[in-house]
Amino acid sequence: MPKAMLISIHGDPLARLGGVQSGGQNVYVRQVALELQRLGWEVDVFSHWQDSAAKHQEKLGPKGRVIRLAAGRREFIPKDELYHYVPTFVTELKDYVGRDKGRYDIIHSNYWLSGVAGLSLKEYLGIPQVHTFHSLGSVKARETKKEGLHLLRRLEAEKQIVQGVCHLVATAPEEKASLIRDYGAHGERITLIPCGVDTKLFHPGDRHLSKALLGLTGKKVVLYVGRQEENKGLGTLLAALEVLGKDNPCFFQDVHVLIVGGDVQHKNHLEEELLARGLAGWVTAVGAKPQEELALYYRAAEVCVVPSYYETFGLVAVEAMACGTPVIASRVGGLKFTVIDGVTGYLVPPRDPEALASRLARILSDPSSALHLGKAAARRVQHLFTWPRVIERLSSLYDKVRESR
């Protein structure tokens, strides 16, 4: 039975979603680990031990484990600081493999920090390494206009990963193009395999019942799901809501906006901002929700808004579409691949509250069109983004890379 080592230093697959440092990557790593087991793989996921209350080792599926390593500090460390702990993480991982006498056939590293660790382990264990970036420093630099030592260090590390790994997985065409343009990657060493969605959990359902369960009967629901970071564009959504309120003072009479994600501190800060903007009462911050509950929120919504400044893939958009909910998203990165403008939702320029407000008004005022968009969205997910489709391609890539060694 083949065995895979997944490395996801800052993205523990069993961490609670919606927090400061948990999101799409956590979901991706967890589902890859579970789906690989369905195809006959054993899987160990190595992550940083960022929650001191968590166990050192936990089961993840029948033939999978999550193994947490302290890297010198068994506590939460912001991912921008984790680079300094990668060498210790690698040392602890090597020690663990030595004690466990584990044999691995392939490494799949996730995010640049894990890619750096993977390069050392690739040489140490003599096995191939596949890498998924999840986000790229070059894209972040362009979109945020931010600079600094951390970004320079990241860009250099990402170049080394591109040159050193056996194969790269791009989750969207835009990411593949960026890898070739910004890092000099060779196209034949990149395979496009999108992220998947669990359609047993995320699927269309009764919208009226979903609203009733959330206490929102009779309301048109607008949904935002994600961390409350600047690059996720929540400020753009709030500004768009202000525009709609000014243009039509009666707008909020039958509309309610739900903000899902963030920890208690972020929730308190957001509630203060809603008061300052005059949106309190119409917009509710409900905090982070587990995947099982999140599906209910998607099904209750007329539209899900993903106003990110940049997004390598955009898993929230695909989860919403799987539930038959149309999406209004920024015309950036992977969102241009997942959301088809005018077919499964709408694409708008990033950081443009007026454009977002216009599309929101349109989709909320035309239920028939919204229903049509939602049905097309669910069909697109079934065609491209189900986990069985995704994992078969990923497992085949693993086999191809192993055979080419």
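The numbers here are math on the coordinates, done by the rules we state, and not lab data. What you see is a predicted model; the values in this text were computed from it and never measured. Methodologically, a virtual Cβ is constructed for each residue, glycine included, from the backbone with ideal geometry; neighbour enumeration extends over all protein chains shown.
Side notes on the structure shown:
- Qualifying trypsin sites (Lys or Arg not before Pro) in the stretch 85-153, where qualification requires a DSSP coil assignment and no more than 15 other C-beta atoms within 10 Å, comprise Lys101, Arg103, Lys145, Lys146.
- Considering only alpha-carbon pairs that sit under 8 angstrom and 6 or more positions apart, the relative contact order computed for the stretch 207-384 is 23 percent.
- Loop trypsin sites (Lys or Arg not before Pro), the stretch 2-78 (other Cβ atoms within 10 Å of the site Cβ: 13 or fewer; DSSP): Arg16, Lys55
- Counting only alpha carbon atoms, the long axis of helix 86-100 and the longest principal axis of the chain meet at about 60°.
- Label-to-label distance for Ala212 and Arg362 is 3.3 nm, based on points extended 7 Å past Cα in the beta-carbon direction.
- Helix 264-277 axis, angle to the chain major axis (alpha carbon atoms, nearest 10°): 30
- For the residue pairs Lys3/Lys146; Lys159/Lys232; Lys3/Lys145; Lys59/Lys79, the alpha carbons lie more than 30 Å apart in Lys3/Lys146; Lys3/Lys145.
- Selection from Gln253, Trp282, Leu270 lying farthest towards where the dipole of the stretch 216-292 points positive, charges on Cβ: Gln253
- Relative contact order for the chain, counting Cα pairs under 8 Å that sit 6 or more residues apart, in percent: 15
- Rounded to the nearest 20 debye, dipole of the chain from Cβ charges on Lys, Arg, Asp, Glu: 760
- Rg over Rh [alpha-carbon atoms, Kirkwood Rh] for the chain: 0.97
- Here, the stretch 1-135 yields an orientationally averaged convex hull projection of 7.3 nm² when only Cα atoms define the hull.
- Backbone N atoms of the stretch 306-334 closer than 15 Å to the 7 Å Cα→Cβ label point of Gln382 belong to residues 321-325.
- Ellipticity estimate at 222 nm from DSSP helix runs (n ≥ 4, -39,500 (n - 2.57)) divided over the chain, nearest 500: -14500 deg cm²/dmol
- Nearest 10 degrees, 0 to 90: helix 149-164 Cα axis against the chain principal axis: 60
- DSSP loop GluC sites (Glu not before Pro) with at most 16 other Cβ within 10 Å: longest gap in the chain: 230-405
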